[in-house]
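Written below as structure tokens is the structure these notes are about.
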């Protein structure tokens with residue numbers, strides 16, 4: 001392959017990567033919640049962080065699924081599907097490595113998740129943790145031990161409850177409007193699993209055919225945060241955001257809270273824009289893609 005062909009291949013890959021980036025119109029619109037977030041790439045459109053927003057009403061044909069479930073007499077599925085109208089899903093993943101082709105893992109995850117989610121909504125009326133067992137198993141069988149990704153997927157209810165699973169991903173934070181600070185959440189109350197693809201899933205039906213000399217991953221379980229009052233802000237991020245320093249000071253620990261205090265009265269989009277500008281100026285020599293997602297209770 002000559003240099004021109006290689007350049008065309010890179011441009012083609014960048015085009016594919018750009019097409020799976022979330023469009024602003026995909027950000028969920030849920031009564032009582034104001035959601036906004038983006039990835040701040042290290043360079044260009046292709047990066048190791050990836051967001052999938054799930055507005056169940058906009059992304060999936062809930063009315064038709066409800067109609068078919070009613071016809072089949074599956075009232076349990078009908079009720080679950082109707083409940084999705086007051087709920088939004090958010091996935092954030094982060095691939096190990098910074099090369100342009102490392103983003104291929106995010107592209108694989110993107111398609112696997114959305115195909116699986118569509119199937120599960122039809123069959124069960126909800127996205128189950130079994131989908132992530134299958135995804136983990138497939139990544140274990142198709143990627144090397146040094147190529148893996150961290151992941152957090154959660155669903156936020158319009159009353160402020162956030163239920164999620166985490167695979168070696170930074171855990172969420174909550175900024176309290178009442179106390180005007182980031183509140184301490186006991187991390188020991190949360191279960192954080194190994195990165196996606198590093199261990200086979202003992203709960204997956206196909207894992208019995210997988211030999212592992214270092215063990216198996218236990219079944220995923222849900223974590224829950226339900227401390228959001230009016231004006232509170234739930235924050236999700238990648239380690240490219242939480243681990244950036246300026247000298248001995250860490251942005252998340254030493255500066256983020258003050259930015260939230262100053263901007264908490266603004267919309268989620270405006271808060272994000274202000275923090276992004278401050279983050280970029282405070283960490284000019286950062287070495288990783290960074291993602292921040294804000295969920296504000298209105």
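The values are calculated or read from the model by the stated rules, or taken from the named source; none is laboratory data. Given the structure is predicted, the values throughout are model-derived calculations rather than measurements. Here the Cβ positions follow ideal geometry from the backbone for every residue, glycine too, while neighbour counts run over all protein chains shown.
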Subset of the range 75-86 (residues that are modelled with pLDDT under 95 and crowded, with 16+ Cβ neighbours inside 10 Å): 86
Positions within the range 264-273 being within 22 Å of residue 171 (Cα to Cα), touching a helix residue (DSSP H, G or I) at 6+ places or on another chain (Cβ under 8 Å) and either modelled with pLDDT under 95 or surrounded by fewer than 18 Cβ atoms within 10 Å (Cβ to Cβ) (or both), in sequence order: 264
Give the number of residues within the range 279-288 that are farther than 16 Å from residue 175 by Cβ and modelled with pLDDT of 90 or more. 3
Restricted to the range 175-191, and to residues that are at pLDDT 80 or above, part of a loop (DSSP other than H, G, I, E, B) and under 21 Å from the mean Cα position of the chain (by Cα), which residue is surrounded by the most Cβ atoms within 10 Å (Cβ to Cβ)? 190
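So if I check each of 243, 248, which one is over 30 Å from residue 131 (Cα atoms) and either surrounded by 15 or more Cβ atoms within 10 Å (Cβ to Cβ) or free of Cβ contacts under 8 Å to residues at least 24 places away in the same chain (or both)?
Numbers: 243 fails: over 30 Å from residue 131 (Cα atoms).
Matching residue, one of 243, 248: 248.
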Out of the range 65-74, which residues are surrounded by 11 or more Cβ atoms within 10 Å (Cβ to Cβ) and more than 20 Å from residue 157 (Cβ to Cβ)? 67, 68, 69, 70, 74
Keeping to the range 201-253, report how many residues are part of a helix (DSSP H, G or I) and touching a helix residue (DSSP H, G or I) at 6+ places or on another chain (Cβ under 8 Å). 5
Consider the range 211-225. How many of its residues are surrounded by fewer than 17 Cβ atoms within 10 Å (Cβ to Cβ), touching a residue at least 40 places away in the same chain (Cβ under 8 Å) and closer than 20 Å to residue 149 by Cα? 3
Scan the range 101-131 residue by residue and report those that are closer than 16 Å to residue 51 by Cα, at pLDDT 90 or above and either touching a helix residue (DSSP H, G or I) at 6+ places or on another chain (Cβ under 7 Å) or buried (at least 17 other Cβ atoms within 10 Å of the Cβ) (or both). 109, 110, 112, 113, 117
Of the numbered conditions (1) more than 17 Å from residue 135 (Cα to Cα); (2) without any contact (Cβ under 8 Å) to a residue 60 or more places away in the chain; (3) not in a helix (DSSP H, G or I), residue 198 satisfies every one except a single condition; which is it? (1)
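Would you tally the residues in the range 134-160 being more than 30 Å from residue 210 (Cα to Cα), out of contact with any helix residue (DSSP H, G or I) (no Cβ under 7 Å at 6 or more places or on another chain), surrounded by 15 or more Cβ atoms within 10 Å (Cβ to Cβ) and modelled with pLDDT under 95? Even if it seems obvious, please write down each step before you answer.
If we filter the range 134-160 for residues that are more than 30 Å from residue 210 (Cα to Cα), which is where we start, we get 155-160.
From what is left, the residues that are out of contact with any helix residue (DSSP H, G or I) (no Cβ under 7 Å at 6 or more places or on another chain) are 155-156, 159-160.
Filter again for surrounded by 15 or more Cβ atoms within 10 Å (Cβ to Cβ), leaving 155-156, 160.
Filter once more, keeping what is modelled with pLDDT under 95: 160.
Result for the range 134-160: 1.
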